[in-house]
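The block underneath contains the structure these notes are about, expressed in structure tokens.
The values are calculated or read from the model by the stated rules, or taken from the named source; none is laboratory data. Just so it is clear, the structure is predicted and the values come from calculations on it, not from any experiment. As a convention, Cβ positions derive from the backbone with ideal geometry for all residues, glycine included, and neighbour counts pool all protein chains shown.
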Amino acid sequence: MNRNRIKTILNNAAGKNICVIGDIMLDRYLLGDVKRISPEAPVQVFNIKKSEPKLGGAANVCLNIKALGANPIIIGVGGYDNDFEELEYIFSQLKIETSGLIKDSKRLTTSKTRIIADSHHLLRIDSETVDPVDSDMEKKIFQFLQKNSGKFEFIVVQDYNKGVLTKNIIKGLTRFSRENSKKILVDPKFENFFEYKNVFLFKPNKKEIEDAFGIKVKSESDMEKLGRRLIKQIKCKNLVLTLGEKGMLFFEKPDGKLKIDIMKTKARKVADVSGAGDTVISTIAVALAGNATTREAVELANIAAGLVVEEVGIVPIEKERLINY
């Protein structure tokens, strides 16, 4: 794919709506230093210098979609707490519409607070409710989907096993996509791995597919075999297996016959693979919204992932940076 084609795809996607449904999170980074031990107990005293709130989980996928020029429509569930309000504020600053964010009095908003001193990760504090959402929340989610069904063609499902994507939601999404001609792109986790049947694109990473089948992959041919098994089991149209610093495997059936390609990473150096999965699913969705073929979308996502793993920390891929690369 040349630069002009990439530019055309991203320009076509500009302003297009992409629905994102899943587990929203607030990632908070407390940055500071440690210079003494507490006199109260044999523990370090952490002195906060800076607090950085960032979008995580499905919210980070929205950030990536926005950075590439498209418009995310987020559907998620949180609690009546400060973390939810902070998420809403960040979304508003990014001009991302939040009417699909639903508050539940029985839940905490998922947040992960990382305490970092002099680039050393000292501690992570999690606050969350991971029980499946109840039938009332499921009903509200589908009401929002139906109300906004004419606004988007693609649905990105971002599952972190935090309770929003119940079996009922997954089955309902499949039915909704079939009845309304929507394409579902799934970034799965362990618990619901095999529930996503007949989706347009399924994107697990190496660990997730190993955990799902209980098999440790030792070679590229082993991974291909697992990919073939997975396609037969869930009947997805396209399968993308992300392999970290080794790139990704792409399975498709352009003419009815299964075709498998290995796409080597485009990274010149691998500093941090955190968030690369979010980048991949976001870039694929945006490229498809820009009228790219599935192969072009996956190729572009591989380039984008190669750029973000060169950075330390979770960073979105910017549209202009991708075009210029």
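Just a few scattered comments:
- Scanning the range 149-201 for residues that are acidic (Asp, Glu) and over 14 Å from Asp23 (Cα atoms) returns Glu153, Glu179, Glu195.
- Pairs where the first residue, in the range 77-95, is in contact (Cβ under 8 Å) with a residue 12 or more places away in the chain and closer than 16 Å to Asp23 by Cα and the second is of a type in the set (Phe, Trp, Tyr) and in a helix (DSSP H, G or I), C-beta under 6 Å, 6+ apart: Gly78/Phe84
- Residue check, Ile96 buried (at least 23 other Cβ atoms within 10 Å of the Cβ) and in contact with a Cys (Cβ under 7 Å, 6 or more places away or on another chain): no
- A search for C-beta distances below 9 Å between a residue of the range 124-152 that is in contact (Cβ under 8 Å) with a residue 40 or more places away in the chain and any residue that is of a type in the set (Phe, Trp, Tyr), counting only pairs 6+ apart in sequence or on different chains, returns Leu145/Phe176.
- Residues within the range 212-235 that are in a helix (DSSP H, G or I) and surrounded by 15 or more Cβ atoms within 10 Å (Cβ to Cβ), tallied: 9
- In the set (1) surrounded by 17 or more Cβ atoms within 10 Å (Cβ to Cβ); (2) part of a loop (DSSP other than H, G, I, E, B), the condition left unmet by Leu145 is number (2).
- Checking each residue in the range 83-127 for being touching a helix residue (DSSP H, G or I) at 6+ places or on another chain (Cβ under 9 Å), among the small types (Gly, Ala, Ser) and not in a loop (DSSP other than H, G, I, E, B) picks out Ser111, Ser127.
- Restricting attention to the range 48-63, the residues being more than 16 Å from His121 (Cβ to Cβ) and without any contact (Cβ under 8 Å) to a residue 60 or more places away in the chain number 4.
- All of Phe194, Phe200, Phe176 fail the test of being surrounded by fewer than 16 Cβ atoms within 10 Å (Cβ to Cβ) and either touching a residue at least 24 places away in the same chain (Cβ under 8 Å) or touching a Pro at 6+ places or on another chain (Cβ under 6 Å) (or both), apart from Phe194.
- Within the span defined as the range 292-314, one or more residues are modelled with pLDDT of 90 or more, within 17 Å of Val199 (Cα to Cα) and surrounded by fewer than 19 Cβ atoms within 10 Å (Cβ to Cβ).
- When the residues of the range 32-72 are filtered to those that are among the acidic types (Asp, Glu) and more than 30 Å from Ser282 (Cβ to Cβ), the one that is surrounded by the most Cβ atoms within 10 Å (Cβ to Cβ) is Asp33.
- Test result for Lys112, in contact (Cβ under 8 Å) with a residue 24 or more places away in the chain, within 26 Å of Val130 (Cβ to Cβ) and surrounded by fewer than 16 Cβ atoms within 10 Å (Cβ to Cβ): no
- Looking across the range 21-31 at every residue that is closer than 30 Å to Ile155 by Cα and out of contact with any Cys (no Cβ under 9 Å at 6 or more places or on another chain), the one that is surrounded by the fewest Cβ atoms within 10 Å (Cβ to Cβ) is identified as Tyr29.
- Each residue in the range 4-37 was checked for being touching a residue at least 60 places away in the same chain (Cβ under 8 Å) and more than 25 Å from Leu300 (Cβ to Cβ), and 12 pass.
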